[in-house]
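Below is one structure; the comments refer to it alone.
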Amino acid sequence: MTSKLTLALQKKGRLSDDSLNLLRQAGLSFEMTERSLKVSVRNFDLEILLLRSSDIPEIVADGVADIGITGQNIVEEEGYPVSEIEKLGFGKCSLSLAFPENESDLSLANKRIATSYPVILQQYLDQKNIDAQIVPLSGSVEIAPKLKIADCICDLVSTGSTLRSNGLKQGDVIFESQAVIIGNENLSDEKKELLEKLLLRIKAVLTAKKNKYIIMNAERKNLPQIEACIPGLKRPTVSSLMDEDFISVASVVEEDFFWSTIEKLKKAGASDILVLPIEKMIL
Ligand code: AMP
(Lines give C-alpha, C1' and ligand atoms only; values in the text may rest on other atoms or scores of the structure.)
Protein backbone atom coordinates (compact mmCIF):
# COMPACT_ATOMS: atom_id res chain seq x y z
CA MET A 1 0.00 0.00 0.00
CA THR A 2 1.37 3.45 -0.82
CA SER A 3 1.54 5.80 2.13
CA LYS A 4 -0.26 9.13 2.06
CA LEU A 5 1.10 12.54 2.95
CA THR A 6 -0.68 14.16 5.91
CA LEU A 7 -1.26 17.92 5.94
CA ALA A 8 -2.42 19.79 9.06
CA LEU A 9 -4.56 22.89 8.42
CA GLN A 10 -6.25 25.42 10.66
CA LYS A 11 -9.82 24.22 11.19
CA LYS A 12 -11.47 27.58 11.66
CA GLY A 13 -9.92 31.01 11.65
CA ARG A 14 -8.07 33.62 9.68
CA LEU A 15 -5.88 31.20 7.74
CA SER A 16 -8.42 28.49 6.92
CA ASP A 17 -10.23 29.98 3.89
CA ASP A 18 -7.01 31.01 2.13
CA SER A 19 -5.39 27.64 2.89
CA LEU A 20 -8.34 25.67 1.49
CA ASN A 21 -8.60 27.95 -1.58
CA LEU A 22 -4.91 27.41 -2.32
CA LEU A 23 -5.31 23.62 -2.20
CA ARG A 24 -8.39 23.75 -4.43
CA GLN A 25 -6.67 26.08 -6.92
CA ALA A 26 -3.77 23.61 -6.99
CA GLY A 27 -6.30 21.11 -8.34
CA LEU A 28 -6.90 19.04 -5.19
CA SER A 29 -10.43 17.74 -4.88
CA PHE A 30 -11.98 17.03 -1.50
CA GLU A 31 -15.19 17.47 0.42
CA MET A 32 -15.40 19.04 3.81
CA THR A 33 -18.20 19.78 6.23
CA GLU A 34 -18.23 22.13 9.25
CA ARG A 35 -17.57 19.14 11.49
CA SER A 36 -14.80 17.42 9.47
CA LEU A 37 -11.58 16.73 11.38
CA LYS A 38 -9.94 14.47 8.80
CA VAL A 39 -10.50 14.66 5.05
CA SER A 40 -9.15 12.50 2.22
CA VAL A 41 -8.17 14.14 -1.05
CA ARG A 42 -9.68 12.25 -3.98
CA ASN A 43 -7.08 12.88 -6.64
CA PHE A 44 -3.82 13.00 -4.62
CA ASP A 45 -2.28 10.77 -1.91
CA LEU A 46 -3.04 13.36 0.73
CA GLU A 47 -4.99 13.40 3.96
CA ILE A 48 -5.94 16.72 5.60
CA LEU A 49 -6.18 17.07 9.38
CA LEU A 50 -8.10 20.08 10.73
CA LEU A 51 -6.65 21.51 13.93
CA ARG A 52 -6.09 24.69 15.94
CA SER A 53 -3.33 26.72 14.26
CA SER A 54 -1.24 26.83 17.45
CA ASP A 55 -1.22 22.99 17.64
CA ILE A 56 0.13 22.58 14.11
CA PRO A 57 3.90 23.01 14.78
CA GLU A 58 3.86 20.34 17.51
CA ILE A 59 1.80 17.90 15.41
CA VAL A 60 4.24 18.32 12.51
CA ALA A 61 7.34 18.06 14.74
CA ASP A 62 5.95 14.82 16.26
CA GLY A 63 5.27 13.38 12.81
CA VAL A 64 1.51 13.00 13.41
CA ALA A 65 1.24 15.24 10.33
CA ASP A 66 4.03 15.38 7.73
CA ILE A 67 3.43 19.00 6.78
CA GLY A 68 1.25 21.86 7.97
CA ILE A 69 0.09 25.36 7.10
CA THR A 70 0.24 27.93 9.88
CA GLY A 71 1.57 31.43 10.67
CA GLN A 72 5.33 32.06 11.03
CA ASN A 73 4.53 33.81 14.32
CA ILE A 74 3.07 30.56 15.67
CA VAL A 75 6.04 28.49 14.46
CA GLU A 76 8.48 30.92 16.09
CA GLU A 77 6.51 31.17 19.35
CA GLU A 78 6.00 27.41 19.75
CA GLY A 79 9.66 26.71 18.97
CA TYR A 80 9.26 23.09 17.78
CA PRO A 81 11.91 21.78 15.38
CA VAL A 82 10.21 21.90 11.95
CA SER A 83 11.45 23.12 8.59
CA GLU A 84 9.91 26.10 6.80
CA ILE A 85 9.22 24.86 3.27
CA GLU A 86 7.35 27.64 1.46
CA LYS A 87 6.02 31.11 2.22
CA LEU A 88 2.42 31.40 1.03
CA GLY A 89 1.85 35.17 0.77
CA PHE A 90 -1.38 35.31 2.81
CA GLY A 91 -2.10 35.76 6.53
CA LYS A 92 0.34 38.66 6.55
CA CYS A 93 0.58 40.50 9.86
CA SER A 94 3.13 42.15 12.13
CA LEU A 95 3.79 41.49 15.78
CA SER A 96 4.03 45.08 16.98
CA LEU A 97 4.42 47.06 20.14
CA ALA A 98 1.54 49.41 20.92
CA PHE A 99 1.17 52.17 23.49
CA PRO A 100 -1.75 54.19 24.90
CA GLU A 101 -2.50 57.07 22.49
CA ASN A 102 -1.54 59.78 25.00
CA GLU A 103 1.73 58.10 26.07
CA SER A 104 4.80 60.07 25.00
CA ASP A 105 7.43 57.73 26.48
CA LEU A 106 7.63 54.88 23.96
CA SER A 107 10.60 53.16 25.62
CA LEU A 108 10.18 49.66 27.07
CA ALA A 109 12.67 49.71 29.94
CA ASN A 110 11.04 48.61 33.21
CA LYS A 111 7.58 48.61 31.64
CA ARG A 112 4.95 45.86 31.88
CA ILE A 113 4.17 44.53 28.38
CA ALA A 114 1.08 42.36 27.82
CA THR A 115 1.31 39.79 25.03
CA SER A 116 0.23 36.37 23.78
CA TYR A 117 3.73 35.99 22.30
CA PRO A 118 6.05 35.92 25.34
CA VAL A 119 8.77 33.88 23.57
CA ILE A 120 9.16 36.20 20.57
CA LEU A 121 8.91 39.28 22.80
CA GLN A 122 11.58 37.93 25.19
CA GLN A 123 13.89 37.25 22.21
CA TYR A 124 13.41 40.88 21.12
CA LEU A 125 14.06 42.25 24.63
CA ASP A 126 17.19 40.09 24.99
CA GLN A 127 18.46 41.20 21.59
CA LYS A 128 18.02 44.85 22.55
CA ASN A 129 19.26 44.29 26.09
CA ILE A 130 16.06 45.73 27.57
CA ASP A 131 14.86 44.85 31.05
CA ALA A 132 11.04 44.77 31.04
CA GLN A 133 8.30 42.65 32.55
CA ILE A 134 6.24 40.43 30.24
CA VAL A 135 2.58 39.94 31.20
CA PRO A 136 1.42 36.79 29.32
CA LEU A 137 -2.25 36.88 28.24
CA SER A 138 -3.95 34.38 25.93
CA GLY A 139 -6.37 36.90 24.37
CA SER A 140 -7.86 40.41 24.48
CA VAL A 141 -4.38 41.83 24.91
CA GLU A 142 -5.48 45.29 23.70
CA ILE A 143 -7.51 45.89 26.83
CA ALA A 144 -4.56 45.36 29.22
CA PRO A 145 -3.42 49.04 29.44
CA LYS A 146 -7.00 50.19 30.22
CA LEU A 147 -7.23 47.56 32.95
CA LYS A 148 -3.90 48.85 34.31
CA ILE A 149 -2.38 45.36 34.19
CA ALA A 150 0.20 46.51 31.63
CA ASP A 151 1.77 49.77 30.39
CA CYS A 152 1.85 48.71 26.75
CA ILE A 153 1.23 45.65 24.61
CA CYS A 154 2.83 43.50 21.94
CA ASP A 155 0.24 42.02 19.59
CA LEU A 156 -0.51 41.05 15.99
CA VAL A 157 -1.57 43.91 13.74
CA SER A 158 -2.64 43.90 10.13
CA THR A 159 -4.66 47.09 9.50
CA GLY A 160 -4.26 48.71 12.93
CA SER A 161 -8.01 49.28 13.33
CA THR A 162 -8.29 47.08 16.46
CA LEU A 163 -5.48 49.07 18.07
CA ARG A 164 -7.13 52.40 17.24
CA SER A 165 -10.52 51.29 18.53
CA ASN A 166 -8.84 50.44 21.84
CA GLY A 167 -7.11 53.84 22.15
CA LEU A 168 -3.65 52.49 21.24
CA LYS A 169 -1.01 53.63 18.76
CA GLN A 170 1.42 51.32 16.99
CA GLY A 171 5.11 51.28 17.92
CA ASP A 172 7.97 49.20 16.50
CA VAL A 173 7.29 45.98 14.61
CA ILE A 174 9.19 43.15 16.27
CA PHE A 175 8.28 40.26 13.95
CA GLU A 176 6.77 40.09 10.43
CA SER A 177 4.64 37.05 9.70
CA GLN A 178 2.74 35.28 6.93
CA ALA A 179 1.33 31.81 6.41
CA VAL A 180 3.92 29.14 5.62
CA ILE A 181 4.11 25.45 4.84
CA ILE A 182 6.16 23.70 7.50
CA GLY A 183 7.41 20.13 7.37
CA ASN A 184 8.61 17.33 9.63
CA GLU A 185 12.42 17.16 9.57
CA ASN A 186 12.56 13.38 9.00
CA LEU A 187 10.23 12.64 6.10
CA SER A 188 10.71 9.28 4.36
CA ASP A 189 11.87 9.31 0.73
CA GLU A 190 8.40 8.26 -0.37
CA LYS A 191 6.81 11.20 1.48
CA LYS A 192 9.46 13.61 0.18
CA GLU A 193 8.52 12.57 -3.34
CA LEU A 194 4.83 13.22 -2.65
CA LEU A 195 5.72 16.58 -1.10
CA GLU A 196 7.70 17.56 -4.22
CA LYS A 197 4.65 16.79 -6.38
CA LEU A 198 2.37 18.79 -4.11
CA LEU A 199 4.80 21.74 -4.02
CA LEU A 200 5.02 21.81 -7.82
CA ARG A 201 1.24 22.34 -7.90
CA ILE A 202 1.17 24.87 -5.09
CA LYS A 203 4.08 26.91 -6.47
CA ALA A 204 2.40 26.95 -9.91
CA VAL A 205 -0.58 28.69 -8.29
CA LEU A 206 1.52 31.08 -6.17
CA THR A 207 3.70 32.13 -9.12
CA ALA A 208 0.64 32.57 -11.37
CA LYS A 209 -0.98 34.86 -8.79
CA LYS A 210 2.06 37.14 -8.82
CA ASN A 211 2.04 37.57 -12.60
CA LYS A 212 -0.20 38.73 -15.45
CA TYR A 213 -0.09 37.88 -19.13
CA ILE A 214 -0.17 40.94 -21.39
CA ILE A 215 -0.66 41.21 -25.14
CA MET A 216 -0.41 44.48 -27.06
CA ASN A 217 -0.14 45.89 -30.55
CA ALA A 218 2.56 48.29 -31.71
CA GLU A 219 4.30 49.62 -34.75
CA ARG A 220 7.18 47.32 -35.68
CA LYS A 221 9.63 50.25 -35.49
CA ASN A 222 8.84 50.64 -31.76
CA LEU A 223 9.83 47.07 -30.84
CA PRO A 224 13.23 47.93 -29.26
CA GLN A 225 11.64 50.54 -26.93
CA ILE A 226 8.79 48.16 -26.06
CA GLU A 227 11.13 45.29 -25.34
CA ALA A 228 13.14 47.52 -23.00
CA CYS A 229 10.01 48.09 -20.86
CA ILE A 230 9.23 44.41 -20.29
CA PRO A 231 11.18 42.76 -17.52
CA GLY A 232 9.66 39.40 -18.64
CA LEU A 233 10.81 35.84 -17.96
CA LYS A 234 12.63 35.65 -21.27
CA ARG A 235 12.31 37.89 -24.32
CA PRO A 236 8.71 38.61 -25.38
CA THR A 237 6.82 36.70 -28.07
CA VAL A 238 6.47 38.86 -31.17
CA SER A 239 4.08 38.01 -34.01
CA SER A 240 3.33 39.87 -37.23
CA LEU A 241 -0.05 41.41 -37.92
CA MET A 242 -1.62 41.38 -41.40
CA ASP A 243 -0.28 44.89 -41.85
CA GLU A 244 3.46 44.24 -41.91
CA ASP A 245 4.28 47.54 -40.22
CA PHE A 246 2.52 46.34 -37.05
CA ILE A 247 3.28 43.60 -34.52
CA SER A 248 1.62 41.92 -31.56
CA VAL A 249 3.82 41.51 -28.48
CA ALA A 250 3.04 39.12 -25.60
CA SER A 251 4.79 38.77 -22.28
CA VAL A 252 4.42 38.07 -18.57
CA VAL A 253 4.59 40.97 -16.12
CA GLU A 254 4.91 40.76 -12.35
CA GLU A 255 1.89 42.12 -10.49
CA ASP A 256 4.14 44.39 -8.35
CA PHE A 257 5.45 46.26 -11.42
CA PHE A 258 2.27 45.97 -13.42
CA TRP A 259 1.01 49.57 -13.60
CA SER A 260 4.44 51.14 -13.95
CA THR A 261 5.17 48.72 -16.82
CA ILE A 262 1.87 49.56 -18.56
CA GLU A 263 2.64 53.30 -18.30
CA LYS A 264 6.08 52.77 -19.83
CA LEU A 265 4.66 50.55 -22.59
CA LYS A 266 2.11 53.19 -23.58
CA LYS A 267 4.85 55.81 -23.78
CA ALA A 268 6.91 53.39 -25.91
CA GLY A 269 4.05 53.18 -28.42
CA ALA A 270 2.03 50.13 -27.30
CA SER A 271 -1.74 50.18 -27.82
CA ASP A 272 -4.72 47.77 -27.48
CA ILE A 273 -3.14 46.27 -24.38
CA LEU A 274 -4.96 43.17 -23.13
CA VAL A 275 -4.29 41.87 -19.63
CA LEU A 276 -5.11 38.27 -18.76
CA PRO A 277 -4.92 36.40 -15.46
CA ILE A 278 -2.70 33.31 -15.39
CA GLU A 279 -4.17 30.19 -13.80
CA LYS A 280 -0.98 28.17 -13.28
CA MET A 281 2.64 29.02 -14.02
CA ILE A 282 5.28 26.29 -13.99
CA LEU A 283 8.83 27.58 -14.34
P1 AMP B 1 -6.81 32.89 14.30
O2 AMP B 1 -6.48 31.66 15.12
O3 AMP B 1 -7.91 32.69 13.37
O4 AMP B 1 -6.90 34.16 15.11
O5 AMP B 1 -5.55 33.08 13.32
C6 AMP B 1 -4.42 33.54 13.86
C7 AMP B 1 -3.30 33.62 12.86
O8 AMP B 1 -3.68 34.36 11.70
C9 AMP B 1 -2.20 34.42 13.51
O10 AMP B 1 -1.40 33.63 14.34
C11 AMP B 1 -1.48 35.00 12.33
O12 AMP B 1 -0.55 34.08 11.82
C13 AMP B 1 -2.60 35.22 11.31
N14 AMP B 1 -3.07 36.62 11.24
C15 AMP B 1 -3.12 37.36 10.13
N16 AMP B 1 -3.57 38.60 10.38
C17 AMP B 1 -3.84 38.67 11.67
C18 AMP B 1 -4.34 39.69 12.56
N19 AMP B 1 -4.65 40.90 12.13
N20 AMP B 1 -4.52 39.38 13.85
C21 AMP B 1 -4.26 38.16 14.29
N22 AMP B 1 -3.78 37.16 13.52
C23 AMP B 1 -3.54 37.40 12.23
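The values are calculated or read from the model by the stated rules, or taken from the named source; none is laboratory data. This is a predicted model, so every value here is computed, not measured. Here the Cβ is made from the backbone with ideal geometry for all residues, glycine too, and neighbour counts use every protein chain on show. Each accessible area value is taken on the protein alone, full model and side chains, heavy atoms only, with ligands, DNA and RNA left out. Shrake-Rupley method; radii C 1.70, N 1.55, O 1.52, S 1.80 Å.
Need the full-extension length gain, Thr207 to Leu147, defined as separation in residues times 0.36 nm minus the C-alpha distance. One decimal, nm.
Length difference between fully extended and current span is 17.0 nm.
With an 8 Å Cα cut-off and a minimum separation of 6 or more residues, compute the relative contact order for the chain in percent.
Numbers: 543 pairs, mean separation 53.3, N = 283.
Reported relative contact order: 19 percent.
Lysines near Lys197 by alpha-carbon distance under 27 Å, same-chain residues fewer than 8 away left out - which ones?
Cα-Cα hits under 27 Å: Lys4, Lys11, Lys12, Lys38, Lys87, Lys92, Lys209, Lys210, Lys212, Lys234, Lys280.
Could you work out the Kirkwood radius for the chain, taking every pair of different alpha carbons, averaging 1/r and inverting it, reported in Å?
Details: mean 1/r = 0.0450 Å⁻¹.
In the chain this quantity evaluates to 22.2 Å.
At 0.36 nm per residue, minus the direct Cα-Cα distance, what do Ser260 and Asn110 gain on full extension? Give it in nm, one decimal, please. Numbers along the way, then the final one.
On the way: separation 150, 0.36 × 150 = 54.00 nm, distance 4.77 nm.
Full-extension gain reported as 49.2 nm.
Would you work out if region 211-277 is rounded, prolate or oblate? Take a ≥ b ≥ c from the square roots of the eigenvalues of the alpha-carbon gyration tensor; rounded if a/c is under 1.5, else prolate when a/b is larger than b/c, oblate otherwise.
prolate
Placing unit charges on C-beta atoms (Lys and Arg positive, Asp and Glu negative, everything else neutral), compute the dipole magnitude of the chain about its Cα centre in debye, rounded to 20. Show your work: numbers first, answer last.
Details: 34 positive and 41 negative charges, 120 e Å.
Computed charge dipole of the chain: roughly 580 debye.
At what distance in nm do the modelled label points of Glu86 and Glu193 sit from each other, each positioned 7 Å from its Cα along Cα→Cβ?
1.9
How large is ³J(HN,Hα), in whole Hz, for each residue of region 128-134 in order, when computed from phi with the Karplus curve 6.51 cos²θ - 1.76 cosθ + 1.60 and θ = phi - 60°, using x for Gly and Pro?
8, 6, 9, 9, 9, 9, 8
Determine the per residue accessible area of the chain with all protein chains present and a 1.4 angstrom probe, expressed in square angstrom.
On the way: 15870 Å² over 283 residues.
I get 56 Å² per residue for the chain.
Where is the GNM fluctuation largest for the chain (alpha-carbon springs, 10 angstrom cutoff): Leu95, Leu198, Leu137?
Highest fluctuation among the options: Leu137.
Length gain on complete extension for the stretch Ser140 to Gln122, per 0.36 nm per residue less the alpha carbon to alpha carbon distance?
Working: separation 18, 0.36 × 18 = 6.48 nm, distance 1.96 nm.
Fully extending the segment from Ser140 to Gln122 adds 4.5 nm.
May I ask which residue of Phe258, Ala132, Leu198 lies farthest towards the positive end of the charge dipole of the chain, with charges of +1 (Lys, Arg) and -1 (Asp, Glu) on Cβ and the Cα centre as origin?
Farthest along the dipole direction, towards plus: Phe258.
With equal scatterers on the alpha carbons only and no solvent term, can you work out the Debye log10 of I(q)/I(0) for region 67-158 at 0.10, 0.13, 0.21, 0.26 1/Å?
With no solvent term, the Cα-only Debye profile gives -0.29, -0.48, -1.06, -1.40.
Pick from Ala114, Ala204, Ala268: which is most flexible by mean-square fluctuation in a GNM of the chain where alpha carbon atoms under 10 Å apart are linked?
Ala268
Separation between the Leu283 and Asp245 pseudo-spin-labels, each 7 Å from Cα along Cα→Cβ, expressed in nm?
Result for the modelled spin labels: 4.0 nm.
Going highest first, how would you order 56-66, 19-29 by mean Cβ packing within 10 Å? Intermediate results must be reported in sequence, preceding the final value.
Values: 56-66: 20.5, 19-29: 17.4.
Highest mean packing first, the order is 56-66, 19-29.
So, with a 1.4 angstrom probe, what is the percent of accessible area on region 1-119 that is carbon and sulfur? Walk me through the intermediate numbers first.
On the way: 2680 of 5900 Å².
Heavy-atom surface of region 1-119 belonging to carbon and sulfur, 1.4 Å probe: 45 percent.
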